[in-house]
Amino acid sequence: MTILKQLNTPVFYAEGIPRNVTADNYQLKVDGLIEEGQLTFSFAQLKAMPFSSVNARLTSVSGWSVRADWQGVRFSDFLAYVKPKPEATHVNFASFFHYTTAVPLEKLMYEKVLICHQVGGEDLEIEYGGPVRTFIPHLWGYKSIKGLAHMTFVDRPIPGYWEVRGYPDEAEIEPGSTRDVNSGKTRRIKGGEVTEF
Ligand SMILES: Nc1nc2c(c(=O)[nH]1)N[C@H]1C(S)=C(S)[C@@H](COP(=O)(O)O)O[C@H]1N2
Ligand SMILES: [Mo]
């Protein structure tokens, strides 16, 4: 069981949990502005890529955050397998149903950005975004898509599920207070902390 589940971390799955998806039938589609046109990766292929571990916090705009060891493939390492065309500026991420969110490519190149399939050495549970999610600790949690099914390289921002409902597209974490799921206590997020994740 991952620490996310042990800590009873809130489960946000606005579009519904894709219960039929397993590591065995998982497929990640990648298309749009890439030299290869279209690519597909299985869970086994993602597991065979360079593995990185990142101790950082997922911070929800709704007022909680959780620290864990998030593990998987660095987005920057993933780009050894996918060649974006020069005009690609953003990646539009889509889940198995209708959740989407787009992130500028430059904001995906930070070393703590992962295509994540484990937390603390355990495979991600389906409700926490397994088999594969993204982890982007320097942006509000709504940019870290769960149940990642499809990545499209595009040349513009595309408003996603929460962005069309009024949440900022930049999703920069703002100073304020957050309920720390690890300790159960409220803590301040200072402006400076966002750079530490
Ligand atoms: N597919 C999908 N991904 C999603 C969401 C969602 O509703 N559907 N919610 C987002 C939000 S708002 C947050 S804060 C985190 C929460 O992650 P958790 O449910 O694993 O705690 O997932 C993000 N990714
Ligand atoms: Mo969130």
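The values are calculated or read from the model by the stated rules, or taken from the named source; none is laboratory data. In this text the structure is predicted, and so the values were computed from the model without any measurement. Please note: Cβ atoms are built from the backbone with ideal geometry, for glycine as well, and neighbour counts cover all protein chains shown. Surface areas here come from the heavy atoms of the whole protein model, side chains and all, with no ligands, DNA or RNA. Shrake-Rupley method; radii C 1.70, N 1.55, O 1.52, S 1.80 Å.
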In segment 19-158 the accessible area split gives carbon plus sulfur, as whole percent at 1.4 Å, a share of 49
With +1 on the Cβ of every Lys and Arg and -1 on the Cβ of every Asp and Glu, the dipole magnitude of the chain about its Cα centre, in debye rounded to the nearest 20, is 500
As straight-line cross-link partners of LYS190, the qualifying lysines (C-alpha separation under 28 Å, not fewer than 8 residues apart within one chain) are LYS5, LYS107, LYS112, LYS143, LYS146
Along the dipole axis of the chain (charges at Cβ: +1 for Lys and Arg, -1 for Asp and Glu; origin at the Cα centre), the most positive-end residue among THR152, LEU7, TYR128 is LEU7
accessible surface per residue for the chain, probe 1.4 Å, DNA/RNA/ligands not counted, whole Å² -> 46
Sorted on mean Cβ neighbours within 10 Å (highest first), peptides 183-189, 128-134 come out as 128-134, 183-189
With label points set 7 Å from each Cα along the Cα-to-Cβ direction at ASN25 and ALA48, the distance between them in nm comes to 2.3
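Quote the FRET efficiency, to the nearest 0.05, computed for THR40 versus LYS185 with a Förster distance R0 of 41 Å and r equal to the Cβ-Cβ distance. Provide the component values of the computation, followed by the final result.
Numbers: r = 44 Å, r/R0 = 1.07.
Computed FRET efficiency for THR40 and LYS185: 0.40.
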